[in-house]
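Chemist: Just dropping this structure here.
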Amino acid sequence: MRRIWSDKCIVLGVTGSIAAYKACDLASRLVELGAEVVPVLTKSAREFVGAASFEAITGQRAITEMFEPVQNPAIEHIALATRASLFIIAPATANIIAKAAHGIADDWLSTTLLATRAPILFAPAMNSNMYSHPATIANIELLKSRGCHFVGPESGRLACKTIGPGRLIDVQAIIEAATPLVSGNHELAGKRVLITSGGTREPVDPVRFLGNRSSGRMGRALALAALARGAEVTVITGPAHVAPPYGARVVEVETAAEMAEAVAKHAPKADVVIAAAAVADYRVKAPSVQKRKRDGAPVTLDLIENPDILAALGKSRRKGRILVGFAAETERLLENARAKLQKKNLDLIVANQVSVADSGFEVDTVKGAILDRAGPNEEFPLCAKEEFAERLMERIVALANAESDSSGIGRANFVPGG
Ligand code: PMT
């Protein structure tokens, strides 16, 4: 993420909503990611938050007035409109949405929105009735038809004491929605990437299950890395401990059989399949219908094999589809991973060294190697799963480009930075 945001100029437009204070957190997170953030506060926004907070967080002068004595207003908004990598309007009121839709330029922000050709992301926040008013709906549709982007709002309890859609979406979701807009990387544009993630749960009885420690962190990192390259991403996930990646289609499942069914449904359209899930190899043959009681006697569970989802895809490979697996190993890492690469007929496999501290399940970091069919193993040191996901995505794009080169069709499908 840092690599993507570093040195990008983000104009953060803050408009008059009770949620304006959350824009401070957004500004702070963007600065942390390495972006240059220029805060712009409308007159109404300043009824809720002060420019000084944004100036302290961003280290930039907050723009509050159209005509300030020390600037040349005719140049200033045009200059920033041209230099900006992205405009984020958060919170975006019904008023700024209406002004942007109809080309009204009566303050600094609305004027600059007209002048810029940078992508614009609106994060609406308003009363539910205002949000569902036909005028607002029409304005949003009009802006979308012109290429503007929207994230949120969420449903929930609003400041006006009503419950419904209109609450500013979570700051992390705003950042995730914005990332593909600033990445400038379209290597996977038009491609469908299917990712399995999290662990599966196999019922023992109505309240107990056999499961594993997968948190969904790796699948989430991979989904965000693919989205940042313009891919259309579907994540089929078992129960996870992390929020779903914003922008991905998420299919929630519980058991290996449900995951197999969901993969069978979504895989036919996928250009790339990445199996990061920890799928239970076995399930209880006959889970108890009632909660099992202890009676002092030892218990034996009769287990039967689950379908191997990835192996099934490897057997019926579609030409051009890239298949990537993971192998979480506690011993003979490379040997075991290579055996799985061959047995499941994969293009790449990630040998995940789960026997070392802080690598693998539940944690934010990973250590291991990426193996392909022919080349040398690419070992990687303990690193953040986000960083590793970037590395794996680069390998996937390189592989796809090599395949399209060798098939003689050129690189029309996977154009680096195109
Ligand atoms: O979610 P996190 O906490 O971030 O943890 C990430 C992870 C450790 C779960 C992940 O990075 C990982 O290593 N996943 C693979 C876990 C594993 O042990 O896989 P396996 O060796 O059982 O299976 C090999 C491959 O076949 C995997 O790609 C797996 O998704 C797939 N498989 C396995 C069994 C099965 N029935 N169907 C499958 O598709």
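Chemist: Any idea what angle helix 73-83 forms with the longest principal axis of the chain, computed on alpha-carbon atoms, 0 to 90 degrees, nearest 10?
Modeler: 10 degrees
Chemist: Report Rg (one decimal) and Dmax (nearest whole number) for the chain, counting Cα atoms only, units Å.
Modeler: Values for the chain (Cα only, Rg and Dmax): 24.7, 86 Å.
Chemist: Also, quick follow-up: Residue by residue, what Karplus-based ³J(HN,Hα) values in Hz, rounded to whole numbers, does region 286-296 have, using 6.51, -1.76 and 1.60 with θ = phi - 60° and x for Gly and Pro?
Modeler: 9, x, 5, 6, 9, 4, 5, 9, 7, 9, x
Chemist: Hey, another quick one. Keeping every protein chain present and rolling a 1.4 Å probe, give me the accessible area per residue for region 164-254 in Å².
Modeler: Details: 3280 Å² over 91 residues.
Accessible surface, normalised per residue, equals 36 Å².
Chemist: Taking the highest mean first, how do the peptides 16-29, 351-364 order by number of other beta carbon atoms within 10 angstrom per residue?
Modeler: Highest to lowest by the protection proxy: 16-29, 351-364.
Chemist: Further, regarding this structure: Enumerate the amide H contacts of Phe326 below 5 Å, restricted to partners 5 or more residues apart or on another chain; note that Pro and chain-start residues carry no placed amide H.
Modeler: Placed amide hydrogens put Ala275, Val350 under 5 Å from Phe326.
Chemist: Work the Kirkwood hydrodynamic radius out for region 134-203: mean of 1/r over every pair of different alpha-carbon atoms, inverted, in Å.
Modeler: 15.7 Å
Chemist: Report, to the nearest 10°, how far helix 256-266 tilts away from the longest principal axis of the Cα atoms in the chain, using its own Cα long axis and a range of 0 to 90°.
Modeler: Roughly 60 degrees between the two axes.
Chemist: Taking the chain as the reference, fit the longest principal axis to its C-alpha atoms, fit the long axis of helix 333-343 to the helix C-alpha atoms, and give the angle between the two in degrees, 0 to 90, nearest 10.
Modeler: On a 0 to 90 degree scale, this one is about 80.
Chemist: Return the loop-located trypsin sites (Lys or Arg not before Pro) in region 219-295 (DSSP other than H, G, I, E, B) with at most 15 other Cβ atoms within 10 Å of their own Cβ; answer none if there are none.
Modeler: Lys285, Lys291, Arg292, Lys293, Arg294
Chemist: So, for region 1-52, what is the accessible surface per residue at a probe of 1.4 Å, expressed in square angstrom?
Modeler: Per residue, region 1-52 has an accessible area of 42 Å².
Chemist: Follow-up. Tally the DSSP beta bridges in the chain and give the antiparallel ones as a percent, rounded to 5.
Modeler: Close to 30 percent.
Chemist: List the residues whose amide H sits under 5 Å from the amide H of Phe150, counting only those 5 or more places along or on another chain, with H placed 1.01 Å from N in the peptide plane.
Modeler: The list, which skips near neighbours in sequence, is Phe122.
Chemist: Here is a follow-up. Which GluC sites (Glu not before Pro) from region 271-334 combine a DSSP loop assignment with at most 12 other Cβ atoms within 10 Å?
Modeler: Glu331
Chemist: Once you sort the root eigenvalues of the Cα gyration tensor of region 251-349 as a ≥ b ≥ c, which label holds: rounded (a/c under 1.5), prolate (a/b larger than b/c) or oblate (the other case)?
Modeler: Oblate shape, in that a/c is at least 1.5 and b/c is the bigger or equal ratio.
Chemist: Here's a follow-up. Considering only region 2-183, what is the antiparallel percent among its DSSP beta bridges, to the nearest 5?
Modeler: 20 percent
Chemist: Ignoring ligands, DNA and RNA, what percent of the 1.4 Å accessible area of region 297-390 is carbon and sulfur?
Modeler: Values: 2580 of 4970 Å².
The C+S portion of the solvent-accessible surface of region 297-390 is 52 percent.
Chemist: Averaged over all directions, how much area does the convex hull of the C-alpha atoms of region 2-183 cover when projected, in nm²?
Modeler: The Cα convex hull of region 2-183, projected and averaged over all directions, gives 9.4 nm².
Chemist: Further, regarding this structure: In region 2-183, carbon and sulfur make up what percent of the accessible area (probe 1.4 Å)?
Modeler: Exposed carbon and sulfur together represent 55 percent of the surface.
Chemist: So what is the accessible area of region 85-139 per residue, in Å², with the probe set to 1.4 Å?
Modeler: The answer is 36 Å² per residue.
Chemist: Starting from the amide H of Ile63, placed 1.01 Å from N in the peptide plane, find each other amide H under 5 Å away whose residue is 5 or more places distant or on another chain.
Modeler: Val40, Leu41
Chemist: Keeping all protein chains in position, work out how much accessible area Asp308 exposes to a 1.4 Å probe, and write it in Å² to the nearest 10.
Modeler: 70 Å²
Chemist: Now for a separate question. May I ask you to derive the relative contact order of region 2-183, considering only C-alpha pairs under 8 Å and at least 6 residues apart, and to give it as an integer percent?
Modeler: Worked out over region 2-183, it gives 22 percent.
Chemist: How large is the helix-only mean residue ellipticity at 222 nm for the chain, computed as the sum of -39500 (n - 2.57) over DSSP H runs with n ≥ 4, divided by its residue count, in deg cm²/dmol to the nearest 500?
Modeler: Result for the chain, helices only: -10000 deg cm²/dmol.
Chemist: By its C-alpha gyration tensor, with a ≥ b ≥ c as the square roots of the eigenvalues, how is region 154-291 shaped: rounded for a/c under 1.5, else prolate for a/b larger than b/c, else oblate?
Modeler: oblate
Chemist: What is the chain's relative contact order, in percent, from Cα pairs under 8 angstrom and six or more apart in sequence?
Modeler: Values: 890 pairs, mean separation 45.8, N = 418.
Worked out over the chain, it gives 11 percent.
The values are calculated or read from the model by the stated rules, or taken from the named source; none is laboratory data. Because the structure is predicted, anything quoted here is derived from the model rather than measured. Please note: Cβ atoms are built from the backbone with ideal geometry, for glycine as well, and neighbour counts cover all protein chains shown. Quick note on the areas: whole protein, heavy atoms, side chains included, nothing else; ligands and nucleic acids left out. Shrake-Rupley method; radii C 1.70, N 1.55, O 1.52, S 1.80 Å.
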